[in-house]
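Just so it is clear, none of the values below were taken in a lab; they were calculated from the coordinates. The structure displayed is predicted, hence computed values, not measured ones. Note that each Cβ is placed from the backbone with ideal geometry, even for glycine, and that neighbours are counted across all protein chains shown.
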Amino acid sequence: MTTEAASVHASAVLAGAHAVLIRGPAGAGKSRLALALIAAAQTGLLPFARLVADDRVYLEPCHGRLLVRPAPALAGLIEVRGVGIRQIEHEPAAVVGLVVDLAADDAERLPSAASGAVISGIRLPRLAIPAGAEPLAPLLAALRSPAAT
């Protein structure tokens with residue numbers, strides 16, 4: 001990892017070829033959404049999903065792409081609310097293809113095609129979920145759409 005890597009409070013799941021970076025305030029449901037994506041793959045709603053990181057990720061720009069890695073002390077660990085911290089299979093790194101912002105103040109019912117996130121100078125598609133909304137269905141729709149990365 002280079003000195004450019006930034007530590008961020010977020011979760012990430014490799015869903016297909018690219019990772020979904022899940023951001024949001026404490027208690028917004030980042031871990032819950034990560035677990036739901038993994039469960040969606042286990043039930044056939046997605047072809048593949050595996051945890052990259054929960055709670056703390058390292059983001060690093062690399063050749064025009066954004067890499068995500070787990071914090072070493074937290075690799076393979078995920079919080080299951082009401083159960084505790086659990087160890088599960090994880091990927092050591094992935095390329096971010098979509099950013100999901102939970103409890104987003106700027107969530108729109110019909111976002112413009114230009115909406116996105118810029119992280120470390122890299123523009124990424126973004127799904128903004130309003131507070132209180134269930135994020136799995138719109139996320140699955142975004143991942144299955146032809147425009148998904």
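Taking amide H as placed 1.01 Å from N in the peptide plane, the amide H of Ile22 sits under 5 Å from that of Ser11, Ala12, Val13, Val100, each at least 5 places away or on another chain.
For region 48-59, the Karplus equation 6.51 cos²θ - 1.76 cosθ + 1.60, evaluated at θ = phi - 60°, returns couplings of 7, 7, 8, 4, 9, 7, 10, 6, 9, 10, 10, 10 Hz by residue, with Gly and Pro reported as x. Each residue of region 31-41 is assigned a 3J(HN,Hα), and the resulting list reads 5, 4, 5, 4, 5, 5, 5, 5, 5, 4, 6 Hz, derived from the Karplus form 6.51 cos²θ - 1.76 cosθ + 1.60 (θ = phi - 60°), x at Gly and Pro. Note that region 102-107 has calculated 3J(HN,Hα) couplings of 7, 6, 7, 5, 9, 4 Hz, one per residue in order, obtained from phi through the Karplus relation 6.51 cos²θ - 1.76 cosθ + 1.60 (θ = phi - 60°); glycine and proline are x.
What order, most packed first, do the peptides 116-127, 7-18, 71-82 have when packing is the mean number of other Cβ atoms within 10 Å of each residue?
On the way: 116-127: 15.9, 7-18: 20.8, 71-82: 13.7.
Averaged packing, sorted descending, gives the order 7-18, 116-127, 71-82.
Considering only the Cα atoms of region 6-124, their convex hull presents on average a projected area of 7.9 nm².
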